[in-house]
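Structure, as structure tokens:
Just so it is clear, none of the values below were taken in a lab; they were calculated from the coordinates. Keep in mind that this is a model prediction, so the values were computed, not measured. Glycine gets a Cβ as well: all are built from the backbone with ideal geometry, and neighbour counts include every protein chain shown.
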Amino acid sequence: QVQLVESGGGLVQAGESLRLSCVCSGINFLLNDMGWYRQAPGRQRELVATITRSSSANYADSVKGRFTISRDNAKKTVYLQMNSLKPKDTAVYFCHIERSYFTQVDYWGQGTQVTVSS
């Protein structure tokens with residue numbers, strides 16, 4: 001069974017930081033690109049950041065310079081370090097296994113809530 005379990009969300013004030021974690025099981029983690037997405041109320045789900053199996057990272061323009069995605073293959077975990085948080089970052093954040101030759105089905109975590117107050 002493929003499972004992605006997110007943690008680390010919470011309520012913080014603008015300017016503060018959070019680190020999200022996503023622990024993966026049931027897949028060969030090394031072969032998969034991973035991603036973080038977010039969805040705010042009334043908005044479409046959007047890409048936040050991705051990291052390839054070779055640890056090449058890509059970020060949405062809205063988070064560049066503030067967020068950092070990383071992975072620990074030994075722990076089968078992907079992280080999202082979020083600094084200088086803004087109220088517009090408020091959303092449910094989802095961990096995602098990117099589809100590829102090795103993984104041809106979308107897999108999502110259940111999400112973790114991040115709320116940034118002003």
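For Phe67, what charge total do you get from the other residues with a beta carbon under 12 Å from its beta carbon, if Lys and Arg give +1 and Asp and Glu give -1?
Working: positive: Arg19, Arg38, Lys64, Arg66, Lys86; negative: Asp61, Asp89.
Net of charged neighbours comes to +3.
If pairing requires two Cys Cβ atoms under 4.7 Å apart, which cysteines of the chain are left without a partner?
Flagged as lacking a Cys partner: Cys24.
Summing Lys, Arg as +1 and Asp, Glu as -1, what charge do residues with Cβ under 15 Å from the Cβ of His96 carry, His96 excluded?
+1
Hey, in the GNM for the chain with a 10 angstrom Cα cutoff, which one of Ser100, Ser55, Ser84 fluctuates hardest?
Most flexible of the set in this elastic network: Ser100.
So if I place +1 on the C-beta of Lys and Arg and -1 on the C-beta of Asp and Glu, and nothing else carries charge, what would the dipole magnitude of the stretch 1-74 be about its Cα centre? I want it in debye, nearest 20.
With only Lys, Arg, Asp and Glu charged at Cβ, the dipole is about 100 debye.
Net charge around Gln39, counting only other residues with Cβ within less than 15 Å of its Cβ (Lys, Arg = +1; Asp, Glu = -1)?
Overall, the nearby charge balance is 0.
For the chain, calculate the relative contact order in percent as a whole number, restricting contacts to Cα pairs under 8 Å that are 6 or more residues apart.
35 percent
Relative contact order of the stretch 29-71, please, whole-number percent, based on alpha carbon pairs below 8 angstrom and at least 6 residues apart.
31 percent
Report the full-extension gain for the segment Val5 to Gln104: residue separation times 0.36 nm, less the Cα-Cα distance, to one decimal in nm. Write down the numbers at each step before the final one.
Numbers: separation 99, 0.36 × 99 = 35.64 nm, distance 1.98 nm.
That pair, Val5 and Gln104, stretches by 33.7 nm at full extension.
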